[in-house]
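Read through the structure below, which is laid out as structure tokens, and then see the notes.
The values are calculated or read from the model by the stated rules, or taken from the named source; none is laboratory data. Predicted model only: the values in this text are computed from it and were never measured. As a convention, Cβ positions derive from the backbone with ideal geometry for all residues, glycine included, and neighbour counts pool all protein chains shown.
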Amino acid sequence: LENVKEFQVKFFYLNFNGITVILSFPSKGNHFRRLQGRVLIGSLSSSFFSHVILHPSLLKMDSPIVYVKDRRYTKHLDAQCEDFTFVILADPQLALIERYGEKRDPPYKWDRELALVNRAITAINNLSRKPKFVIVCGDLVDAEPGRPERGEQIADLKSAFVEIVPDIPIFTLPGNHDVGSSPCSADIEDYKSHWGDDYYSFWCGKVKIIVINSQLYFNSENCKTGSEAQDTWLNAELCSQENQNAEKIIVFQHIPLFRMSSDEDDDYFVIPKGTREDLMNRYYKAGIRHVFSGHVHYNVMGSWRPEGSNSTSLENITTSAVCFQLGDDKPGLRVVHVTPTNLTHKYFSFDELETNPHIADSGFYWRKGILRLTSLRHRVGSARCLSHESQFSKVSRLPSLRSKLESVREFDIPLTTGKSMKPKSARFLPSPSTEKSIPDSNTFRVSAYGIGQSINLDQLRLAMDYQALGYRCLRLSPEVANEILFFTTPSDVHDPVSHRDILVFKTGVVVFWNVSDSESEEIINKLRSECNRPLALELMEFEELVYSFTSGPTVLDIEDIRFRAVPAKSDSKELKEDYEKEVQRLVLEKIAFSDALAASVKLSLLESSFDAVAVQMQPWIDKMQTGLGVFFPMSAVFRKTGELFTLRHLLNISTTISETPDFYWDRPEVEKLFQNLKTALSVQSRTNILNSKLNTCCELTEILTNHLEARHSSRLEWMIILLILIEVIFEISRWNMGSDEHQEKSTSK
């Protein structure tokens, strides 16, 4: 290296672990920058170089990321292939969870997004049929041009992409966060310096792919020259003579043309209507029938064709995000299958692909028309097309280790209008064949069960012989002692294999830390005697997470809990004090995580109770639709109103599901863990949804009450009219009788 200084050159090229880097020199001091997830460690002269940079033009030699130049990727991806697949990823958007989802203050972290991107790459690597390429539909990172964290986010995302199997190229395109909401030429040049051209085309088999910068069609105010240049280029691509050799032409862009309907009003999520109509007509005239996009963070599909046309429709397919979701979908990817005569596609969650990597080979892809007919769901303010679930999942939208919950379970609400529940399978604990496997010996389970409406903790403390079961009861601070009983094994806390904890909540939920299934069932059977309205075993709600111990701080990794390990106990007085503090810290952290998990389970019970009540109200709606009126007693509506308000009271008043207990106010570190897990389990959003559903049902009972009262008033009015009529008849009859008597008297005289 010292000899290099004798040459008048600016850079020294080095291949380090398969990655080409550039060392720049001379300058003062030593500085090491992380290279694609690796760290270059060494001792170099301070006069040699000051920084290590990763140059995009050299990175492309070893990276799967395709850096397109001159608007065309000249390498033809398997020109002879007519039957192939490719994968669509959308909106990794590193740091969006903390910035937007959790509304945290900067600086933001993006470890959870990276974990999801890694799951995406692993899922692609495990596909039995290797895709010809992967394309990422924009919003690669969250930091817009000029943000200080942008460079690190880009480096981390590239580092994750490097792990894809060889020979699968990754194409990218810009989203609004990659070039800015109103991009200028400098913003676009910044993007191109990291990822290559912002619009371009390439071929795969006999399919031509056109990639555009949709932000220039959304807002080109600060880059009119760039927008005009793209438009000119697009016209040339759409009218090119080479298109005659294409079996299909596919367009990729970040912002969709529309979501469900081509005449949607302008908003943040779609191309403006004027530009939209022009693009649709140009696409359609060029023979394009499929446009893939991202941006909206949920799956939706719509179609369009010109008025009077009988040809195949233009399909607009929007793919949900790899990471943060704005709808009911789970993080995942879309697999597209192309044949000479057809194009089919389906969105798979990472959970599905990890459970069965061959699921994408089943041939069960969405064909045109089928998705809209079978998977359409309407929500307030918008209509949306969901990816792969026929009903809203009650579990977290983030990747989960918990089994999917059954749709309806009876809780404590009496069924006053007939027992009309949806069928469900009986389950108490997961069977060994279906139970989630624990990845390794350093990972443990935490399970929560909703066993009743409430538990009398005072009676339980006296009645339960917990010492015979090998536990002792911890003395907790007064603000939580009335809400939680904390049972723990006497073994040292630093031994996670043998240490077990049980937390019993007043709300009717019990949480087990590292407790076997058989022991959990035994303890639940003992707890049921102190429950108010205990649930049958097959009706209990169940949720499960995993946890482990590390040397770092306690964090929530998506939904996996990572505790800071407690050091071994020491006889030293100073170390003993540290040990006690660590034990106390671990107890508080377990209370926080258990509290959040208990809130989610309690919410699941209320959701199931609502489903049972809502099913019974469906016949009322059916009768109302006939227009013939409803005929049942007012008492039935009154009882149903009481059931709904009982649910609302349990949801908003008698439990802490929708609020933060006072216990956390002076413990901000613990409160953060509590709030993070509640967010991961979607507790607040599920609470809002359930409250909205309750409001709707209460409106229905109010309508029925008014209808029955009006009918009752009408009946009373007719009764009064009838009584008046009877009285009139009686008076007329009496008058006639009096008149006859008067005539008889006159005649006798």
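Evaluating Arg112 against the criteria (1) over 29 Å from Gly287 (Cα atoms); (2) within 24 Å of the chain's Cα centre (by Cα); (3) charged (D, E, K, R); (4) part of a loop (DSSP other than H, G, I, E, B) leaves one unmet condition, (4). Any residue at all in the stretch 481-490 that is modelled with pLDDT under 85 and under 30 Å from Asn356 (Cβ atoms)? For the stretch 481-490, residues modelled with pLDDT under 85 and under 30 Å from Asn356 (Cβ atoms): absent. Please verify whether Leu673 is crowded, with 18+ Cβ neighbours inside 10 Å, modelled with pLDDT under 80 and among the hydrophobic types (A, V, I, L, M, F, W, C), treating the condition exactly as stated. Against the criterion (crowded, with 18+ Cβ neighbours inside 10 Å, modelled with pLDDT under 80 and among the hydrophobic types (A, V, I, L, M, F, W, C)), Leu673 does not qualify. Say we look at the stretch 201-230 and pick out the residues that are charged (D, E, K, R) and modelled with pLDDT under 95; which of these is farthest from Ser181 (Cα to Cα)? Applying the filter and picking the extreme gives Lys206. Restricting the stretch 119-159 to residues that are of a type in the set (Gly, Ala, Ser) and in contact (Cβ under 8 Å) with a residue 60 or more places away in the chain, the residue that is surrounded by the most Cβ atoms within 10 Å (Cβ to Cβ) is Gly138. What do you reckon, is Asp662 surrounded by fewer than 10 Cβ atoms within 10 Å (Cβ to Cβ) and either within 30 Å of Leu545 (Cα to Cα) or touching a residue at least 40 places away in the same chain (Cβ under 8 Å) (or both)? So Asp662 does not fit the description; no. Quick one: would you say Leu708 is at pLDDT 85 or above and either assigned to a helix (DSSP H, G or I) or surrounded by 17 or more Cβ atoms within 10 Å (Cβ to Cβ) (or both)? When the stated conditions are applied, Leu708 does not pass them. For the stretch 536-561, the set of residues classified as buried (at least 20 other Cβ atoms within 10 Å of the Cβ) and of a type in the set (Ser, Thr, Tyr) consists of Tyr547, Thr554, listed by residue number. Could you please let me know if Val583 is surrounded by 15 or more Cβ atoms within 10 Å (Cβ to Cβ), at pLDDT 80 or above and in a loop (DSSP other than H, G, I, E, B)? Criteria not met by Val583.
Is it the case, given these coordinates, that Thr747 is surrounded by 10 or more Cβ atoms within 10 Å (Cβ to Cβ) and more than 30 Å from Ala598 (Cα to Cα)?
For Thr747, the condition - surrounded by 10 or more Cβ atoms within 10 Å (Cβ to Cβ) and more than 30 Å from Ala598 (Cα to Cα) - is not met.
When Ala599, Ala568 are screened for being in the same structural domain as Ile484 (by TED's automatic domain parsing), of a type outside the set (Phe, Trp, Tyr) and at pLDDT 90 or above, only Ala599 passes. Residue-level check: of (1) polar (S, T, N, Q); (2) under 24 Å from Gly138 (Cα atoms); (3) at pLDDT 50 or above, Ser387 misses just (3). Scan the stretch 584-621 for residues that are free of Cβ contacts under 8 Å to residues at least 60 places away in the same chain and within 25 Å of the chain's Cα centre (by Cα) and the total you get is 0. Checked against (1) outside any helix (DSSP H, G or I); (2) more than 11 Å from Ala599 (Cα to Cα); (3) within 25 Å of the chain's Cα centre (by Cα), Asp666 passes all but condition (3). Taking the criterion of being over 16 Å from Tyr547 (Cβ atoms), in a strand (DSSP E or B) and without any contact (Cβ under 8 Å) to a residue 60 or more places away in the chain, the residues of the stretch 485-518 that qualify are Leu485, Phe487, Val504. Got at least one residue in the stretch 561-577 being in contact with a Ser or Thr (Cβ under 9 Å, 6 or more places away or on another chain) and hydroxyl-bearing (Ser, Thr, Tyr)? Taking every residue of the stretch 561-577 in turn, none turns out to be in contact with a Ser or Thr (Cβ under 9 Å, 6 or more places away or on another chain) and hydroxyl-bearing (Ser, Thr, Tyr).
Residues in the stretch 282-311 that are more than 33 Å from the chain's Cα centre (by Cα) and either within 22 Å of Leu173 (Cβ to Cβ) or not assigned by TED's automatic domain parsing to the domain that holds Phe258 (or both): Arg282, Tyr284, Ala286, Gly287.
When Ser185, Ser193, Ser214, Ser201 are screened for being more than 30 Å from Asn243 (Cβ to Cβ) and among the polar types (S, T, N, Q), only Ser193 passes.
Filtered by the rule that a residue be surrounded by 15 or more Cβ atoms within 10 Å (Cβ to Cβ) and farther than 21 Å from Ala286 by Cα, the stretch 223-241 gives Cys223, Gly226.
One residue stands out among those in the stretch 291-336 that are in a strand (DSSP E or B) and of a type in the set (Gly, Ala, Ser): the one that is nearest to Lys206 (Cα to Cα), which is Ser293.
Just wondering, is there one or more residues in the stretch 542-553 that are of a type in the set (Gly, Ala, Ser), touching a strand residue (DSSP E or B) at 6+ places or on another chain (Cβ under 7 Å) and either touching a residue at least 40 places away in the same chain (Cβ under 8 Å) or part of a strand (DSSP E or B) (or both)? The answer is yes, given that some residue of the stretch 542-553 is of a type in the set (Gly, Ala, Ser), touching a strand residue (DSSP E or B) at 6+ places or on another chain (Cβ under 7 Å) and either touching a residue at least 40 places away in the same chain (Cβ under 8 Å) or part of a strand (DSSP E or B) (or both).
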